[in-house]
Amino acid sequence: MSETVKKAFGDDLTRTRNEAGQTQEGVSLNCDMSLRYYQYLEKGDNNPTMITLFRLADTLECEPHTLIEAAWKVWKKENRKKRK
């Protein structure tokens, strides 16, 4: 996965967490993951699995697509350029 796609996911994750009024520590505990791993997700350094995505969405009380919308747009833009 490209760095820009992971960064877009991390930005959406951070925004959604802030809107939900939750801390990184709280989200990581509720998702049964280490704080460090969660911080890597927000920084765009790691990819979440589907199960992790569902846990995050459940904890943040949002739909999973909310967390990947920007990443999807970046991915489409990058991959359409390659096909031309």
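Structure above, values below:
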read-out	value
Pair list, Cβ < 7 Å and 6+ apart or interchain, from region 7-34 residues that are touching a residue at least 12 places away in the same chain (Cβ under 8 Å) and farther than 13 Å from LEU67 by Cβ to residues that are aromatic (Phe, Trp, Tyr) and buried (at least 18 other Cβ atoms within 10 Å of the Cβ)	GLN24/TYR38
One residue from LEU67, LEU56 being under 20 Å from SER2 (Cβ atoms) and in contact with a Pro (Cβ under 9 Å, 6 or more places away or on another chain)	LEU67
Residues (of a type in the set (S, T, N, Q) and exposed (fewer than 14 other Cβ atoms within 10 Å of the Cβ)) located in region 63-84	ASN79
ASN79 being polar (S, T, N, Q) and out of contact with any helix residue (DSSP H, G or I) (no Cβ under 9 Å at 6 or more places or on another chain)	yes
Residue in region 30-57 that is surrounded by the fewest Cβ atoms within 10 Å (Cβ to Cβ), counting only those that are within 19 Å of ALA20 (Cβ to Cβ) and of a type in the set (A, V, I, L, M)	LEU35
Tabulated pairs, region 36-60, first more than 18 Å from ALA8 (Cβ to Cβ) and among the polar types (S, T, N, Q), second modelled with pLDDT of 95 or more and in a loop (DSSP other than H, G, I, E, B), C-beta under 9 angstrom, 6+ apart or interchain	THR59/ALA20; THR59/GLN22; THR59/CYS31
Odd one out for LEU60, checked against (1) in contact with an Asp or Glu (Cβ under 7 Å, 6 or more places away or on another chain); (2) crowded, with 17+ Cβ neighbours inside 10 Å	(1)
Hey, SER34 in contact with a Leu (Cβ under 6 Å, 6 or more places away or on another chain) and under 15 Å from ARG55 (Cβ atoms) or not	no
Failed item, numbered, when ALA8 is tested on (1) touching a helix residue (DSSP H, G or I) at 6+ places or on another chain (Cβ under 8 Å); (2) at positive phi	(2)
Helices (runs of 4 or more DSSP H) wholly inside region 28-84 that include at least 1 residues being modelled with pLDDT under 95	64-83
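The values are calculated or read from the model by the stated rules, or taken from the named source; none is laboratory data. What you see is a predicted model; the values in this text were computed from it and never measured. Don't worry about glycine lacking a Cβ; one is built from the backbone with ideal geometry, like all the others, and counts go over all protein chains shown.
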